[in-house]
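Visitor: Handing you a structure now.
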C-alpha cells in the first residue's frame, strides 16, 4: 500500500512540476517578442526594447505588484505590458492569459538588475 501511495504522490508531483514549467512561459520566445516592433500589431515601428534597451527600466518588474506608467497605475505586469503595447507601440492589447503574454512576462521576469561597480578602495 505504501508503494502505491508513493507512486501516486510522485505522479502528482511530476504533473505539478511540468504544469508549472509550461504555465511559466518561454523566456527565449518572450525575448523575441520584446525585440519585435510588429509584436501585437504595433504600428509605431517600436519594440519594447526601443524604450527599454536590454530590459533597462524593467529589471525589477518581477518584484512589483503595481506599475506607474505615463501617470497611470497598472495593477499587474500583464496590464503594464498591454498599456505599453497600446500606447507606446500603437498595437492591440493581447489576452493576459495567452502564450505570448506568458512568454513576454517570463522574459521580463528573467531580467536582473546590472551589478553596480564597486567603488575603488572598498
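The numbers here are math on the coordinates, done by the rules we state, and not lab data. Keep in mind that this is a model prediction, so the values were computed, not measured. Note: ideal-geometry Cβ built from the backbone for every residue, glycine included; neighbour counts use all protein chains shown.
Visitor: Just rank 103, 95, fewest to most, by other beta-carbon atoms within 10 angstrom.
Guide: Ascending Cβ contact count within 10 Å gives the list 95, 103.
Visitor: Sticking with this one: In nm, to one decimal, how far is the residue 54 label point from the residue 75 one, both placed 7 Å along Cα→Cβ?
Guide: 3.6 nm
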